[in-house]
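Here the structure is laid out as structure tokens; the discussion comes afterwards.
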Amino acid sequence: MKILLVGNPNVGKSLVFSQLTGLNVTASNYPGTTVEFYRGYMGKGEDRHEIIDVPGMYSMEPTCEAEQVARKMLNYGDVIINVLDATNLERNLNLTLQLAACRKPMVVALNFWDEAKQKGIGINTGKLESILGVPVIPVSAVTGEGLKTMVDRLKEARVPPFLIDKADERWEKIGTVIREVQTLRHRHPTLLEHLQNMSFHPVYGFLTGVAVLLVSIFLIIFIGEFLIGIIELLLTRWYLPLIEKLSPLLGGEGLFHDVLIGKLIDGTINLEESLGLLTTGVYVAFGVVLPYISIFYFILGFWEDFGYLPRLAVLMDRIMHRIGLHGFAVVPLILAFGCNVPGVLALRNLESRREKFIAATIMAIGIPCMAQSSIIIGLVGKHGLSYLLLVFAFLFFIWTVLGIFGNCFIQGHTPSLLMEIPPYRLPRASVQLKKLKMRVTAFLTEAIPFVFGSILLVDLLHALGVINWIARLIAPVISGLWGLPETVTSTLMIGFLRKDVAVALLEALTLTPAQLTITALILTLYFPCAATFAVIMRELGLKDTLKAIGIMLTVTLLSGTFLSLTLDRLLPPQALVVLLVAASIVLAALTAKKYDPVEFEDFPGT
Amino acid sequence: MGNKQILPLSDLPQGLSGRVVRIDGGLGIKQRLEAMGVLPGVTVTKKNTVFGHGPSIISVAGSELAIGYGKTQKIWVEVEECEDSSRRQP
């Protein structure tokens, strides 16, 4: 039997899925976390059933790609579990009544039952059951309460005995149902609800937004550095002696030794610079990237589950319209700072192709993933905060320019925001840890093979002399335009595979701070890593991907040349930071009136 | 109380409620708003707006929605008399 989990966005379908199947999928407190379907199994033998977690949908008329996926899946299942948010019964029933048209057996699960009780919402499930003609089961996906009853009652699933076609009749029916089954008890607003009302305050709202971002960045860097310190201590105390013993056993030199351990630096093994799988590979993956990834996802996970991201999206809506996007695009962009791949996938929540293209270009060109950022912070940061700030100020400038450019020249329109704002919810430690574990495991299993693979590749390419050959070929750009030594060629080639390894390779080169900054920036801009490229191809199609690559190469050429001409020759990094940020703001302000999109709200349903 | 005021949702003062009387535009916008519970005959309450033509936060059908300025200009509401004392003077 194939069982579909169907419901509005953000009603907790993914949590129900995780609880039933034991598989972990990301669940957060904002609409649109799930953009593709997930499949799992529950039960054994005869009772083994396939469960499918379907992206959330508000109605049977899809308005974005995630909803299209959901709509298609409806034909595929045998039984529907319609998950409802009990705190929001009225709006949720709209989909329930429409699902009746599928003519499939259905049960209704009222999720967030405990939260509804706390909020003083009472629902007479017996009455609702007799009105809808299908089993209605109160559940709490977070604690797992009621899920067993729900599974037991699956065999009572019925095709709902009504069909309402017209929207106004449907809402009228919902009105009568609500009056019959729901009671509201007045109670005083909780602290969280007070906070909720504050979040759009013209002064405090914006201050909170800025504070949330700054505190998060600060915590990521501070705790990241702290974790790195601990891991570095462990590596030098326990791991390095082991490698030092291994090195002579492997003969101390030769291809095999070079690949595994790498070259000796001043006669000793250097975990950062030796460039072997067991030295630099292990150091980059576990010593630098892993700590930053962990703390980044810990903090992101907190804000996701607390429910702050949709509010940030609302606050940023006006600004985002300047760059051809609407507020919700903030969410995929933030996800991209972790890893571009989920960021690009989350673009399925955006309605128009134009928005997707603009956001994907900004991501692929200008947003370094956390793995890459962590190495940039470590490496560029050594030369002072101003160079590090310059990297990010330059990226900020690129986002603005790309966005404004896209907003002015890309055909189509960006509809204004329409988004549900979920209530604030206090994240549960157990759920948080599970999610963190899932994301870190995903990094370890998906990224680490690439990290080792790219180090292996750079060793082999060096040994075969390919790198020298290519270096001569592109020398006019590298040394001529960008003023960089030819040795950075290998890092550019590795950047196709893994950006973090590419930046880490710079450690072994002798570069001036300006050269290091320029190379780190070029590595961010010039091409997405293999994984991101694959997912962009899939989501945007060949034509748009080629366009994005054209823009990418132009941006890289211009940026590298501009910086090599100015940085530390004409201007110190501090001055460039101020200049770039000011230029971004002025550009955004100047283009605002002229190109503010005629708010063309009507878009064809698909 | 003969002449009830009809104005676009974007101009509805914060804290007031209004009954939706008309939504301008084609099927696309109407369907999308309807799916979220915004359709003629429904009462919406404006809870907040972000300044400078930002989105409005409204509560409707038990949930809170953020609606962009472009859309709020196309949703026409009839201002309702407030029953409770929490009314805020615009």
- [ ] Count, please, the residues in region A:1-28 that happen to be in a loop (DSSP other than H, G, I, E, B) and touching a strand residue (DSSP E or B) at 6+ places or on another chain (Cβ under 6 Å).
- [x] 5
Open item on the list: Checking the condition within 14 Å of chain B (Cβ to nearest Cβ), in a loop (DSSP other than H, G, I, E, B), out of contact with any His (no Cβ under 7 Å at 6 or more places or on another chain) and of a type in the set (Gly, Ala, Ser), which residue from A:Gly56, A:Gly77 passes?
Closed with: A:Gly56
TODO: Please find, within region A:548-562, the residue that is farthest from A:Ala520 (Cα to Cα) out of those that are more than 23 Å from the chain's Cα centre (by Cα) and surrounded by fewer than 19 Cβ atoms within 10 Å (Cβ to Cβ).
DONE: A:Gly550
TODO: Read through the list (1) surrounded by 14 or more Cβ atoms within 10 Å (Cβ to Cβ); (2) more than 30 Å from B:Ile75 (Cα to Cα); (3) away from chain B (no Cβ under 14 Å), then give the number of the only condition that A:Gly403 fails.
DONE: (2)
- [ ] Tell me which residues, restricted to region A:383-400, are in contact (Cβ under 8 Å) with a residue 40 or more places away in the chain and either out of contact with any helix residue (DSSP H, G or I) (no Cβ under 7 Å at 6 or more places or on another chain) or not aliphatic (A, V, I, L, M) (or both).
- [x] A:His383, A:Gly384, A:Ser386, A:Tyr387, A:Phe394, A:Phe396, A:Phe397, A:Trp399, A:Thr400
Task: Subset of region A:406-435 (residues that are more than 14 Å from chain B (Cβ to nearest Cβ) and in contact with a Gly (Cβ under 6 Å, 6 or more places away or on another chain)) - done: A:Gly406, A:Asn407, A:Gln432, A:Lys435
Task: Subset of region B:9-50 (residues that are assigned to a loop (DSSP other than H, G, I, E, B), facing another protein chain (nearest Cβ under 8 Å) and closer than 21 Å to A:Pro422 by Cα) - done: B:Met36, B:Gly37, B:Leu39, B:Val42, B:Val50
- [ ] Name the one entry in A:Gly205, A:Gly281, A:Gly229 that is of a type outside the set (Asp, Glu), within 14 Å of chain B (Cβ to nearest Cβ) and assigned to a helix (DSSP H, G or I).
- [x] A:Gly205
- [ ] Collect the residues in region A:465-522 that are among the polar types (S, T, N, Q) and in a loop (DSSP other than H, G, I, E, B), keeping them in residue-number order.
- [x] A:Thr510, A:Thr512
Open item on the list: Looking at region A:38-46, can you tell me whether even one residue there is charged (D, E, K, R), surrounded by 24 or more Cβ atoms within 10 Å (Cβ to Cβ) and without any contact (Cβ under 8 Å) to a residue 40 or more places away in the chain?
Closed with: no
Task: Selection count, region B:51-68, where residues are at the interface with chain A (Cβ under 7 Å from one of its Cβ atoms) and in a strand (DSSP E or B) - done: 6
TODO: Please indicate, with yes or no, whether at least one residue in region A:161-177 is touching a residue at least 12 places away in the same chain (Cβ under 8 Å), surrounded by 13 or more Cβ atoms within 10 Å (Cβ to Cβ) and under 30 Å from the mean Cα position of the chain (by Cα).
DONE: no
Open item on the list: Checking the structure you have, find out if any residue of region B:40-54 is touching a Pro at 6+ places or on another chain (Cβ under 8 Å), among the aliphatic types (A, V, I, L, M), within 22 Å of A:His201 (Cβ to Cβ) and in contact (Cβ under 8 Å) with a residue 12 or more places away in the chain.
Closed with: no
TODO: Select the helices (runs of 4 or more DSSP H) contained entirely in region A:308-382, then report the ones holding at least 1 residues which are polar (S, T, N, Q) and either surrounded by fewer than 24 Cβ atoms within 10 Å (Cβ to Cβ) or in contact (Cβ under 8 Å) with a residue 40 or more places away in the chain (or both).
DONE: A:340-346, A:353-366, A:370-380
Open item on the list: Just to be sure I understand, how many residues within region A:87-99 are more than 28 Å from the chain's Cα centre (by Cα) and closer than 23 Å to A:Gln19 by Cβ?
Closed with: 3
Open item on the list: So in region A:105-117, with the set limited to residues that are free of Cβ contacts under 8 Å to residues at least 60 places away in the same chain and surrounded by fewer than 21 Cβ atoms within 10 Å (Cβ to Cβ), which one is farthest from A:His186 (Cα to Cα)?
Closed with: A:Pro105
Open item on the list: Suppose we filter B:Gln73, B:Gln89 for residues that are modelled with pLDDT under 90 and more than 7 Å from chain A (Cβ to nearest Cβ); which single one remains?
Closed with: B:Gln89
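Okay, residues lined up against (1) within 14 Å of another protein chain (Cβ to nearest Cβ); (2) loosely packed, with under 13 Cβ neighbours inside 10 Å; (3) closer than 26 Å to A:Thr445 by Cβ:
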{"residue": "A:Ser199", "(1), (2), (3)": "yes, no, no"}
{"residue": "A:Val212", "(1), (2), (3)": "no, no, no"}
{"residue": "A:Ile223", "(1), (2), (3)": "no, no, yes"}
{"residue": "A:Leu235", "(1), (2), (3)": "no, no, yes"}
{"residue": "A:Pro248", "(1), (2), (3)": "no, yes, no"}
{"residue": "A:Ser274", "(1), (2), (3)": "no, no, yes"}
Task: Selection from region A:118-144 of residues that are over 24 Å from A:Pro189 (Cα atoms) and part of a helix (DSSP H, G or I) - done: A:Thr125, A:Gly126, A:Lys127, A:Leu128, A:Glu129, A:Ser130, A:Ile131, A:Leu132
Open item on the list: Take the conditions within 14 Å of chain B (Cβ to nearest Cβ) and of a type in the set (Val, Ile, Thr) and apply them to A:Val288. Does it pass?
Closed with: no
Open item on the list: Let me spell it out: the conditions are (1) assigned to a helix (DSSP H, G or I); (2) not assigned by TED's automatic domain parsing to the domain that holds A:Gly77, and A:Glu180 meets all of them except one. Which number is the exception?
Closed with: (2)
Task: Given (1) out of contact with any Pro (no Cβ under 8 Å at 6 or more places or on another chain); (2) touching a residue at least 24 places away in the same chain (Cβ under 8 Å); (3) closer than 24 Å to A:Phe337 by Cα, number of the condition A:Gly224 does not satisfy - done: (1)
Open item on the list: Condition first: closer than 20 Å to A:Lys2 by Cβ, among the charged types (D, E, K, R) and in contact (Cβ under 8 Å) with a residue 60 or more places away in the chain. Now tell me which residues in region A:58-103 satisfy that.
Closed with: A:Asp78
TODO: Go through the residues of region A:29-43 one by one and say whether even a single one is among the hydrophobic types (A, V, I, L, M, F, W, C) and part of a strand (DSSP E or B).
DONE: yes
TODO: With respect to A:Ile295, determine if the residue is of a type in the set (A, V, I, L, M) and closer than 22 Å to A:Thr517 by Cα.
DONE: no
- [ ] Check region A:447-462 and report whether any residue there is among the charged types (D, E, K, R), surrounded by 15 or more Cβ atoms within 10 Å (Cβ to Cβ), away from chain B (no Cβ under 14 Å) and more than 30 Å from B:Lys47 (Cα to Cα).
- [x] yes
Open item on the list: Filter region A:1-32 down to the residues that are within 25 Å of A:Cys102 (Cα to Cα) and of a type in the set (Phe, Trp, Tyr) and list them by number.
Closed with: A:Phe17
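The values are calculated or read from the model by the stated rules, or taken from the named source; none is laboratory data. Quick caveat, the model's predicted, so the values are computed rather than measured. Every residue, glycine among them, receives a Cβ derived from its backbone with ideal geometry; neighbour counts consider all protein chains shown.
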